[in-house]
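Report on the structure given below.
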Amino acid sequence: MAALRSITSSAAFAAVRRTPTAVSLGRRGYAEAADKIKLSLVLPHQALYASQDVVQVNISAATGDMGILANHAPAIEPLRAGLLEVIESAGTSKKFFISGGFATVHPNNALTINAVEGAPLEDFSPEAVRSNLADVQRVLGGNGSEAEKAEARIEADVYESLQYALGTK
Amino acid sequence: MSGAIWRQHFTFNKYSQIAARAVRQSLVEAERLKAEKRGDTGLKYQKWENGQGGNHIPFNQPKEDA
């Protein structure tokens, strides 16, 4: 028993002392063309994507536009009102417009985008956007309170971003 | 976005709801009607005394449909 114990403890001791060859975090590299990332794009009332493999997701982060590929470094990004493009496979892409939210890249090659409101780009009406923008610019040029103008500014930013996105349709 | 003017007047939640409302108002007619319902919020409360609930009292009357 004592002999057995010493063998196992020395074997265990040797194993512990040996440096692991693969670091648990893994080496960072570029995404291969075939690599995909699991996307979950959810609104409060609907899941547009639920853990679906996609090649690339282009988001409008508050710090700038970015494209997320497979094995992206973990990140949490607040999103502006803007275009969200999902490239499901080479050649097919779907465009959405979201009002804002957060994009979270998880360490296990998964991307979760939580948006407050959003829809496919073809569900938007350029005439409605144009008339909404005109209404809001009237408020901005008028003599309301600072809070009303701040609210109009937020809406104007959304409409201008939407016009830009619709222009790229 | 972090240095924006609205931070002097609104919380992030309010900013979020304003942007969502703007997006909803820009949809095509059929989608917009479905989406507008998501923007409505209601609140009602009920006072309890001695284990008995009182009447439900709406905090704000919902908008009348035109």
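The values are calculated or read from the model by the stated rules, or taken from the named source; none is laboratory data. Only a predicted model underlies this, so the values are computations on that prediction, with no experimental measurement involved. Cβ placement follows ideal geometry from the backbone for every residue including glycine, while neighbour counts extend to all protein chains displayed. Accessible surface areas use protein heavy atoms only, side chains included; no ligands, DNA or RNA. Shrake-Rupley method; radii C 1.70, N 1.55, O 1.52, S 1.80 Å.
With the whole protein complex present, A:Ser131 retains an accessible surface near 60 Å², based on a 1.4 Å probe. Compared with the dominant Cα axis of chain B, that is its longest principal axis, helix B:29-39 is turned about 50°.
Under the classification rounded if a/c is under 1.5, otherwise prolate if a/b is larger than b/c and oblate if not, where does the range A:124-166 fall, given a ≥ b ≥ c as square roots of the Cα gyration tensor eigenvalues? Taking the square roots of the gyration eigenvalues as a ≥ b ≥ c, the range A:124-166 is prolate. Other protein chain C-beta atoms within 10 Å of residue C-beta, averaged over A:89-100: 2.
About its Cα centre, the dipole of the range A:30-139 is roughly 160 debye, where the only charges are +1 on Lys and Arg Cβ and -1 on Asp and Glu Cβ.
Keeping all protein chains in place, calculate the accessible area per residue for chain B (probe 1.4 angstrom), answer in Å². All intermediate terms of the calculation are to be shown ahead of the outcome.
Values: 5330 Å² over 66 residues.
Per residue, chain B has an accessible area of 81 Å².
Let me have the relative contact order for chain B, percent, based on Cα pairs under 8 Å that are six or more residues apart. Please list the in-between numbers first.
Numbers: 36 pairs, mean separation 12.3, N = 66.
After rounding, I find 19 percent.
Legend: mean number of C-beta atoms from other chains within 10 angstrom of residue C-beta atoms, peptide A:122-132, equals 4. You can think of it this way: the chain between A:Lys95 and A:Met66 has 9.0 nm of extra reach, that is 0.36 nm per residue less the Cα-Cα gap. Of the residues A:Val54, A:Ser99, A:Ile68, the one whose Cα sits farthest towards the positive end of the charge dipole of the range A:48-99 is A:Ser99 (charges of +1 on Lys and Arg Cβ, -1 on Asp and Glu Cβ, taken about the Cα centre). Note on A:147-156: average number of Cβ atoms from other chains within 10 Å of each residue's Cβ is 5. Accessible area per residue for the range A:79-165 is 44 Å², calculated with a 1.4 Å probe on protein heavy atoms, without ligands, DNA or RNA.
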